[in-house]
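J.: One structure, pasted below without further comment.
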Amino acid sequence: MRVDTAQLLKRFYFCERLLAVNCAAWIPAVASLEIKTGLARILWECAEVAHALRNRVFELRFPSRLLEENKEDFALIELFAGVKDSPSAAGFLASVGRVLLPAVQNAYGAYLDASDDIADGPTHRFLSLALSEKAAQIRAFEQWAEAELARHPESRPSTETWTRAVGQRLSRIGDVGLGPMPIVDVAGPLPGAKAHHIPDKPARDERFWPCRFYWPDVVDPSFPYGEGLQLQLRSAISHLNEVWAIEAGAASLSTFAEVLPWDWIHDAARWTYDESRHCRMGYERLMAWGLEPGEIPLGTYIYESASGQDPIYRLGMLYFFETKNIRHKLTRAQLFHSYGDVLSEHDMDFDWADETIHASYGKHWLAELLTIRGNDLAAVDQIRKRCGELVQGCVSTATADEIANLKGVANSLVAKASRGSRSEECADN
Ligand SMILES: [Fe+2]
Ligand SMILES: [Fe+2]
């Protein structure tokens, strides 16, 4: 019946919402670039399903247009929220991949079997897609958990214990399922939980050349941004280094999830996913040129510039860079076209479209946050200005050694890329 349906969809909404928030919360602490970008994609998928579920509950007018938690689902919601406090990245990936996602997958399968695809057709359409996404997400989480355990074998015992505890708690409270939730007294933190916090330093994939500043022009204005091949390379390096923007979007999504309305999570999920696509554009481009990750700088300075500050500056940092760089993007796409570099042109062109959306997200949500805090909206510009100062402050701490090493890495990358392009020309001729 309509009311039962709405009640279940509301339960699913909270599960998807918390999956999205938790994936976001863990992104800065996960080192592997594949897992970081993969989590960004999955949190966006979860947010899209949550959005469709939420709209459907409203359509069913249950019992009003308010979307409050079902009291009987409280223990389930608390469990999904509690997995954010996993003892390690491996613990998070294993408990979500082996327990929470399969429970949601089973519930969706059972729902689609039991419900009426005529009366409830609109739900069937998006929940069928969600069901197929869940299967792919489970496969990804399984692989990532194993990869993370291979990197940190010392976390295997706590991961096993934690995953078992999450599974046992889920069975006791009655699973996600379709049935009514039994009233059980299992509130409180899970055994082995570790209070989650957003790290001040982001974890970095150890395959790349580790650094704070990822190209010499960041710390030395006399180092040319370059043209031709050097510009193509610089642009791909910039894209790869948008890894900071994935982390800033994800950290902000999680930090403000309970402060801002639902649309914040929905927009921030898309934002974070888009930045992961920009990062992958750079990665794929650099790999296609035959470069090795170990010779490619992957920096941290923009993320770190906002650390230790009011979290509004992390969001402000995204807005600052979106609005600072967007004017160059179309010109660069045209330059790449003139070089006959269709791939770089294609990447920059799509990037430009995304960044235009992001600039409006930044302006809108900074204003919403300031309104909630009772601040003047003029403070948006002050935040933007302060972000510029924070970045400048961090850049000014670059040491002579750091700059010299970075120039060495950048120059050999340019030289290698030039040799590659010359041999390509010879092959073409
Ligand atoms: Fe971007
Ligand atoms: Fe962006």
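Since every read-out is calculated from the coordinates, none of them should be taken as a lab result. Everything quoted here is computed from the prediction, not taken from an experiment. A quick note on method: Cβ atoms are made from the backbone with ideal geometry, for glycine too, and the neighbour counts reach across all protein chains shown.
J.: Specify the residue with the greatest mean-square fluctuation among Phe141, Phe12, Phe208, computed from a Gaussian network of the chain linking alpha-carbon atoms under 10 Å apart.
T.: Result for the chain, Cα springs under 10 Å: Phe208 fluctuates most.
J.: To the nearest 0.05, how large is the calculated FRET efficiency for Ala147 and Glu284 if R₀ is 25 Å and r is the Cβ-Cβ distance?
T.: Result of the calculation: an efficiency of 0.80.
J.: Projected onto the charge dipole of region 81-233 (+1 at Lys/Arg Cβ, -1 at Asp/Glu Cβ, origin at the Cα centre), which of Gln232, Ala94, Ala130 gives the Cα projection farthest towards the positive end?
T.: Positive-most Cα among the choices belongs to Ala94.
J.: Quote the relative contact order of region 283-429 in percent (integer), defining contacts as alpha-carbon pairs under 8 Å separated by 6+ residues.
T.: Answer for region 283-429 is 32 percent.
J.: Okay, moving on. Given an 8 Å cut-off on Cα distances and at least 6 residues of separation, report the relative contact order of the chain as a percent.
T.: This gives 18 percent for the chain.
J.: Next up: Nearest 500 deg cm²/dmol is fine: what mean residue ellipticity at 222 nm does the chain get from its DSSP H runs of n ≥ 4 alone, each adding -39,500 (n - 2.57), divided by its residue count?
T.: -23500 deg cm²/dmol
J.: Could I ask something else about it? Among Ala400, Ala94, Ala245, which one shows the highest mean-square fluctuation when the chain is modelled as a Gaussian network with alpha-carbon springs under 10 Å?
T.: Ala400
J.: Looking at the square roots a ≥ b ≥ c of the eigenvalues of the Cα gyration tensor of region 88-152, which shape do they give, rounded for a/c under 1.5, prolate if a/b is larger than b/c, or oblate?
T.: Verdict is prolate for region 88-152.
J.: For a quick check: sort Trp264, Trp244 by the number of other beta carbons within 10 angstrom, fewest at the front.
T.: So the residues, fewest neighbours to most, are Trp264, Trp244.
J.: Take the alpha carbon gyration tensor of region 113-239, find the square roots of its eigenvalues, order them as a ≥ b ≥ c, and report rounded if a/c is under 1.5; if not, report prolate when a/b exceeds b/c, else oblate.
T.: Oblate, because a/c is 1.5 or more while a/b does not exceed b/c.
J.: Of the residues Thr399, Thr123, Thr163, which exhibits the maximal mean-square fluctuation in a Gaussian network model of the chain defined by a 10 Å Cα contact cut-off?
T.: Taking springs between Cα atoms under 10 Å, the residue moving most is Thr399.
J.: If the cut-off is a Cα-Cα distance under 17 Å, which lysines reach Lys324, setting aside same-chain residues fewer than 8 apart in sequence?
T.: Excluding near neighbours in sequence, the set is Lys363, Lys385.
J.: Still on this structure: At a 10 Å Cβ-Cβ cut-off, how would you order Leu377, Leu231, Leu253, fewest neighbours first?
T.: Leu377, Leu231, Leu253
J.: With the cut-off at 17 Å, report for region 1-122 the share of all Cα pairs above it, as a whole percent.
T.: Beyond 17 Å sits 58 percent of the P(r) for region 1-122.
J.: Could you calculate, for the chain, the ratio of the Cα radius of gyration to the Kirkwood radius, expressed as Rg to Rh?
T.: 1.00
J.: Using the 10 angstrom Cβ neighbour count as an exposure proxy, how do Lys363, Lys71 rank, fewest first?
T.: Lys71, Lys363
J.: Next question, about the same structure. For region 314-399, just say rounded, prolate or oblate: build the C-alpha gyration tensor, square-root its eigenvalues into a ≥ b ≥ c, call rounded for a/c under 1.5, and beyond that prolate if a/b exceeds b/c, oblate if not.
T.: Oblate is the answer for region 314-399, as a/c is 1.5 or above yet b/c matches or exceeds a/b.
J.: Further, regarding this structure: Once the Cα gyration tensor of region 190-305 is diagonalised, what are the square roots of 5 times its eigenvalues, in whole Å and ordered largest first, as equivalent ellipsoid semi-axes?
T.: Result for region 190-305: semi-axes of 30, 16, 14 Å.
J.: If you don't mind, another one. Check cross-link reach from Lys36 to the aspartates and glutamates: straight Cα distance under 14 Å, and skip same-chain residues fewer than eight apart.
T.: Glu148, Asp205, Glu206, Glu242, Glu247, Asp274, Glu275
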